[in-house]
Amino acid sequence: MEAENVVLENDEMFSINKDGEFCDIAGNLLTIEANTIEELTEYYEKMIEKIAEIKLEEGKSNPPPFKFLKGKLIIDEKGTNIGIHATNDKEMKKVINVLEKYYSCSLKKLEFTYMKRKEVKKGEGYYLQGLEYNELYLKSPSFLLKCSIQDKEKIHELLDVKKRSDKWLWFPERLEQTKHYVKGNIKNEYPIFIISKGRFHRNKKYQPPKTAQYLESINVDYKIVVEPQEVDEYAKSISKNKIITLPDEYLNKNQGSIPVRNFVHHYNIDKEETAYWILDDNINDYYWVDNNERYKVRDAFAFKFVEDLMNNYDNVYLAGHQYKMFCPPTDYRNVIQQNGRVFSSILIRTDTPSLNDEADIWRGRYNEDVDLSLRLLKQGLPTILSIVLSADKERTGGSGGNEEIYVEDNNHSGVEKSNSLLEHHADCIDIVERYGRTHHKIKTEMFENNKYIRSNDFTENKYNIIYK
């Protein structure tokens with residue numbers, strides 16, 4: 001191939017003929033004059049880089065047709081992304097040198113991204129700000145590389161770094177996290193209930209479901225509600241005084257977890273509780289985010305934090321934790337998400353507006369948490385979802401009590417789940433296809449004006465958090 005009018009930084013021009021020989025722009029073989037070997041080598045390398053750039057621009061080079069986007073390099077359109085991070089610019093230069101040799105190209109066009117301090121919106125929960133940046137992260141360049149699995153393996157090998165994920169790579173090593181746990185040294189205010197079915201046995205032995213294991217590990221009291229035929233099975237790993245047997249009138253309704261949720265609500269009304277927690281049984285841990293790191297929460301601070309948020313507002317009936325997967329530690333976000341759906345780790349007031357004379361608040365068969373959130377939001381009642389303190393929940397379905405109804409939903413297709421919401425909330429959701437399944441998408445803009453009413457004893461809670 002020929003590349004005409006290639007220009008070096010000093011405005012000298014050259015081309016390359018079909019045999020790959022350097023020529024002047026008239027096509028005559030080019031003689032390179034230099035005073036030293038070093039000078040000749042430098043000049044030659046510049047010409048090679050320029051030819052590589054021209055080849056890339058024309059899309060005719062031997063390597064794949066690269067695409068340079070802001071902060072992203074696409075090698076293989078059919079590949080998957082991996083985040084390439086380096087601890088500083090000097091280390092990133094080493095990474096680029098390796099990639100240029102591997103792909104036989106110049107990557108001078110590649111732009112890196114750097115973490116920036118994001119301005120936090122003032123609003124409810126703003127007083128809880130105080131999260132720190134790890135200054136080293138602000139100096140760490142990154143970019144996304146879209147390539148094949150084989151390329152990812154080879155890049156790890158060439159950089160001589162241990163592979164920890166297909167989704168990210170740090171060179172030479174990830175910034176060191178010196179502390180891993182956080183404690184608030186406070187107790188939760190409201191009782192905690194786990195609803196569970198079929199999760200008393202795991203890894204060929206009897207053991208509590210994940211949520212119960214977490215609460216046991218941090219010495220926080222709870223009750224677990226199970227069906228009568230499984231009480232003895234759960235009692236093999238959980239103290240019987242923590243087990244509540246679901247009454248017969250709530251059994252065999254073919255409504256998934258709806259009946260047991262309504263039972264827990266009635267139970268707390270009878271106990272004259274102001275509010276209570278209702279947790280799914282597959283929560284591994286809770287995490288606090290600060291200093292661009294995640295810290296496991298080792299006491300009831302995981303719950304008291306959200307309780308204090310709810311207590312500060314007279315019209316918040318529903319609060320909870322966002323999922324860990326949606327709260328990356330490198331993002332600097334607001335402490336809370338306002339007026340969104342609350343799921344899996346839920347704090348509920350017992351005076352929540354009910355559906356009927358029996359004081360039920362749960363209905364349907366699928367997406368009961370989304371239904372409850374939307375019913376409240378449509379009444380102008382705001383919700384609170386903690387972002388800075390999140391729940392690490394396992395995938396929905398699996399071997400749990402709802403597995404049967406998920407299988408009936410065309411084997412987890414999501415169609416029935418989404419249609420169940422359309423029945424009552426067609427005005428505020430859209431149906432979309434994501435991750436190979438049918439999902440719902442809430443029109444959150446409809447609820448942006450739901451206002452929080454501060455209680456008379458509103459308190460700007462500050463916590464003596466201890467990092468270990």
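A few points about this structure:
- The modelled label-to-label distance between Tyr467 and Glu91, using points 7 Å beyond Cα along the C-beta direction, is 1.8 nm.
- Between Tyr126 and Lys101, the simple spin-label model (points 7 angstrom out along Cα→Cβ) gives 5.3 nm.
- For the range 231-264 versus the range 176-229, the gap between their alpha-carbon centres in whole angstrom: 16
- Sparse packing (at most 10 other Cβ atoms within 10 Å of the Cβ) combined with a DSSP loop state is found for the following trypsin sites (Lys or Arg not before Pro) in the range 226-291: Lys271.
- Net +/- balance of residues flanking Leu159 in space, Cβ distance below 14 Å, scoring K and R +1, D and E -1: +2
- Note on Leu355 and Asp457: the model spin-label points, each 7 Å out from Cα along the C-beta direction, lie 3.3 nm apart.
- Applying both filters, DSSP loop and at most 10 other Cβ atoms within 10 Å, to the GluC sites (Glu not before Pro) of the range 240-285 gives Glu272.
- Qualifying chymotrypsin sites (Phe, Trp or Tyr not before Pro) for the range 424-468 [loop in DSSP, other Cβ within 10 Å: at most 14]: Tyr435, Phe458
Just so you know, all these numbers are worked out from the coordinates, no wet-lab data involved. Just so we're clear, the structure is a prediction, and the values are computed from it rather than from any experiment. Counting neighbours? That spans all protein chains shown, and the Cβs are built from the backbone with ideal geometry, glycine included.
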